[in-house]
Amino acid sequence: MSNVTVCARFRPLSSKERSDHGDNTCIQTVDAETFTFKDEKDGDFMFSFDRVFNEDSGQADVYEFLALPIVRDAVNAVNGTIITYGQTGAGKTYSMEGLSIIGCDEPKKGLLPRVVDGLFEGIKNSNESVKYTIKLSMVEIYMEKVRDLYDLSKDNIQIKESKGQGIMLSGVTQISLMDPAEALLSLSTGIANRTVGETQMNMASSRSHCVYIFTVQMELTGEKRVKTGKLVLVDLAGSEKVDKTGAEGRVLDEAKTINKSLSALGNVINALTCSQGKANHIPYRDSKLTRLLQDALGGYSRTALLCCCSPSPSNASESLSTLRFGTRAKHIKASPCANQAEDMYNKKQGAPYPTKDEPCERILHKLREKLDIEDVKLLENLFILEGIFFDPNSVEDLELACKDVTLQTISSLQQAVEDLAFTVEELKKENEDLKARLKATKSSPSFHKTAGENPGFVHIFSGIPSAILSWIGSVSPSKMRK
């Protein structure tokens with residue numbers, strides 16, 4: 001198991017920051033990974049990350065350390081996620097996009113165009129017997145709705161979960177990319193549809209979380225099997241203090257929603273880092289953002305976090321909050337592995353899961369040797385469904401994997417119960433609404449005519465056993481989670 005890669009990046013001082021505090025900063029560098037953060041209110045703090053980028057660090061430096069290893073893994077069917085996090089105006093979008101997606105000078109190109117170049121370069125240097133396809137989707141999470149940036153009519157996309165594909169977006173537009181130039185044009189089109197607005201801290205403040213999803217499919221032509229790697233880049237909207245941004249009206253509503261989703265993200269990070277080895281509930285469903293990032297945060301993806309900060313004393317409290325968030329995130333454990341090759345014939349025939357391969361068989365053999373388990377068949381099925389793979393010769397990995405499959409199974413059951421409870425509550429509300437409408441129109445002359453024209457009307461709950469409805473109605477979702 002590995003930890004999430006976490007880096008800090010400090011942008012240059014802005015003209016306003018220089019006018020307020022001169023050239024004073026909160027940062028005192030120790031080395032490439034460590035620095036002291038000075039806060040007038042709370043004192044001095046020492047922080048250590050995987051790498052610290054200061055104002056002299058170039059865009060290429062950030063890409064090569066933070067993103068390039070993940071890009072290479074994506075070409076080999078290992079899922080990866082790169083997230084930029086921080087206060088509004090701290091440099092997240094600049095780090096992600098650069099000055100612009102198209103026509104930008106090489107030194108100022110952001111992560112996105114460099115990732116595109118890295119993906120196509122990796123494919124170019126791959127084995128000739130492998131055929132690659134790359135597809136791109138872009139969505140934004142605005143006011144707690146997922147909107148397709150390539151089809152604005154899809155403004156409330158549902159987030160689904162599949163055993164084979166993990167978290168996915170139902171019906172999202174996917175654009176096939178043939179070369180880097182076409183990819184940059186597609187990115188530019190989607191970015192132009194993103195919601196932005198002006199605040200006192202940022203002329204073009206992101207009012208939504210933007211998610212870029214690259215799907216890299218490799219077809220093993222000789223074997224007629226495919227592997228798929230997913231690379232997700234997330235440009236989070238910045239946290240805001242209303243007294244600094246001067247937000248009013250709709251901009252204020254946007255700020256509240258942004259801060260609420262970032263708070264939910266913090267709660268998930270806290271739950272993950274406090275529950276290592278424990279079966280605690282992780283509140284992924286508290287926001288669309290955390291639900292969409294469930295695979296990345298839950299350990300099924302190679303994940304990197306770039307904490308963007310202002311070095312100015314005027315933003316010390318916000319920068320300190322960002323750095324503390326990064327420190328917590330660094331303790332998240334991850335177990336990314338290459339996605340299994342899937343038989344194209346079985347996929348076309350509708351086979352739900354790929355067949356067990358040799359590594360899985362070795363794991364199960366080790367389990368039979370080392371563990372005293374009565375129902376080995378049940379454990380086998382759980383491991384296959386949850387996609388847990390590890391070194392079968394490592395006792396430590398074996399024990400951790402047993403804990404992982406237990407936690408994941410409990411979490412899946414909790415989510416299933418929550419979904420069921422939510423669905424039933426919605427059905428109850430609909431039923432009560434129908435009853436109220438029927439009661440209101442019962443005395444109307446048109447009521448009997450309508451009833452006569454619809455003799456097949458069936459009570460909305462007729463398909464659900466009364467015993468189940470009674471049990472669910474008596475237990476609240478919060479009690480179910482316990």
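The values are calculated or read from the model by the stated rules, or taken from the named source; none is laboratory data. Nothing here was measured: the structure is a model prediction, and the numbers come from that model. Here the Cβ is made from the backbone with ideal geometry for all residues, glycine too, and neighbour counts use every protein chain on show. All accessible areas refer to the heavy atoms of the entire protein, side chains included, with ligands and DNA or RNA removed. Shrake-Rupley method; radii C 1.70, N 1.55, O 1.52, S 1.80 Å.
In terms of accessible area, using a 1.4 Å probe and ignoring ligands and nucleic acids, Arg437, Arg225, Arg291, Arg302 rank largest first as Arg437, Arg302, Arg225, Arg291. Note that the range 23-132, at 25 °C in a medium of 0.890 mPa s, gets a Stokes-Einstein diffusion coefficient of 152 µm²/s from its Kirkwood radius over C-alpha pairs.
Tell me, what is the FRET efficiency for Asn193 and Asp44 to the nearest 0.05, using R0 = 41 angstrom and their Cβ-Cβ distance as r? Once rounded, the FRET efficiency stands at 0.40. Each residue of the range 127-143 was assigned a 3J(HN,Hα) from its phi angle through the Karplus curve 6.51 cos²θ - 1.76 cosθ + 1.60 (θ = phi - 60°); the sequence is 4, 5, 7, 10, 9, 10, 9, 10, 10, 10, 10, 9, 9, 10, 9, 10, 6 Hz, with glycine and proline shown as x. Loop-located trypsin sites (Lys or Arg not before Pro) in the range 18-114 (DSSP state not H, G, I, E or B) with no more than 14 neighbouring Cβ atoms inside 10 Å: Lys41. Give the distance, in whole Å, between the Cα centre of the range 163-188 and the Cα centre of the range 288-340. The distance from the Cα centre of the range 163-188 to that of the range 288-340 comes to 23 Å.
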